[in-house]
Amino acid sequence: MIVLFDLMDTVVRDPVFDVFSAYFRSDRENAFRHVADPSGWVDFELGQVAESEFWSRAFPKESAKDLKKLQARLHSKYAYVSGMHELLCELRDDGVPMYAASNYPNWVNVIEEKLRLSDFMSLDFISYKIGVRKPDPSFYMSIVEQLRCAPSDCIFIDDRTVNCEAAAKFGLNALEFKNARALKFDLQDLGVLKKS
């Protein structure tokens, strides 16, 4: 079986809510109320705009210097979700083929520099590279076409229900991520990982 991983808040802790809420001195739930043009993020994730345009659309009132500070703070906070580095090591050692299947902009290159995701998985199926975002069915279609496999040959793991539902509808085996321990048991039950 091929394992397809969402990245943010599945493999890598997404720092954006904490960083934005601290920067704008708001609670976590209102972290994005300061974003002037939310569509800029979608365009950035699709690879349709440069990072500079994303920042200028999202925060037109902030100075370039302050935006640089915000960007640096955000990029400094990338870390593995608890238990996921160890689980990825087990999967790699068992010879399980793994691919990232994630909505994210080219900031994945920053994550790669810090966390070396490519030690475990291919980073080919990121929205900014393939030009489509989950839960669009063409996102999943693009993956199985490039891998030349049946949807049923893949296990798709994501922390968002909507993405898992779309993957399952397409024919992928979908697992909604809760934590690394639960995921390990699920993968053992599916025969992907050996039971310890």
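What follows draws every value from the coordinates through simple rules; no lab data is involved. As the structure is a computational prediction, the values presented were derived from the model and not from experiment. Here the Cβ positions follow ideal geometry from the backbone for every residue, glycine too, while neighbour counts run over all protein chains shown.
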Folded to 0 to 90 degrees: helix 180-189 orientation relative to the chain principal axis, Cα: 30 degrees
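Given a Förster distance of 30 angstrom, what is the FRET efficiency for Lys194 paired with Ala79, based on the Cβ-Cβ distance and rounded to 0.05? Write out the running numbers ahead of the final one.
Working: r = 27 Å, r/R0 = 0.91.
E between Lys194 and Ala79, to the nearest 0.05, is 0.65.
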Cα→Cβ-extended label distance, 7 Å offset, between Glu90 and Cys149, nm: 1.9 nm
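Starting from the Cα gyration tensor of the range 16-76, take the square roots of the eigenvalues, sort them a ≥ b ≥ c, and report rounded, prolate or oblate (rounded when a/c is under 1.5, otherwise prolate if a/b is larger than b/c, else oblate). Walk me through the numbers on the way to the answer.
On the way: a/c = 1.62, a/b = 1.35, b/c = 1.20.
It comes out prolate by the Cα gyration axes.
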Relative contact order computed over the chain (Cα-Cα under 8 Å; 6+ residues apart), in percent: 27 percent
Angle between the chain longest axis and helix 161-170 axis [Cα atoms, degrees, rounded to 10]: 50 degrees
Folded to 0 to 90 degrees: helix 137-147 orientation relative to the chain principal axis, Cα: 50 degrees
For the range 82-111 versus the range 1-56, the gap between their alpha-carbon centres in whole angstrom: 19 Å
Contour excess over end-to-end distance, with Cα ends at Glu29 and Asp119 and 0.36 nm allotted per residue: 29.0 nm
Mean Cβ neighbour count within 10 Å, used as a protection proxy, ranking 100-107, 163-170 highest first: 100-107, 163-170
Globularity ratio of the chain, using Cα Rg and 2.2 N^0.38 Å: 1.06
Relative contact order of the range 16-76, pairs being alpha-carbon contacts under 8 Å that are 6 or more residues apart, as %: 31 percent
Cα lying deepest toward the dipole's positive end in the chain, options His85, Phe185, Gln71, charges on Cβ: Gln71
Unsatisfied cross-links (Cα-Cα over 24 Å) in the set Lys129/Lys178; Lys77/Lys178; Lys129/Lys194: Lys129/Lys178; Lys129/Lys194
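Report the relative contact order of the range 1-112, percent, no decimals, based on alpha-carbon pairs under 8 angstrom and at least 6 residues apart. Don't jump to the answer; show the numbers that get you there.
Values: 105 pairs, mean separation 50.5, N = 112.
RCO, the range 1-112: 45 percent.
Rounded, prolate or oblate: which one fits the range 62-158, using the alpha carbon gyration tensor with axes a ≥ b ≥ c (rounded when a/c is under 1.5, else prolate when a/b beats b/c, else oblate)?
Details: a/c = 2.83, a/b = 1.43, b/c = 1.98.
Oblate shape, in that a/c is at least 1.5 and b/c is the bigger or equal ratio.
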Interchain or long-range residues, amide H under 5 Å from Tyr80's placed H: Arg13
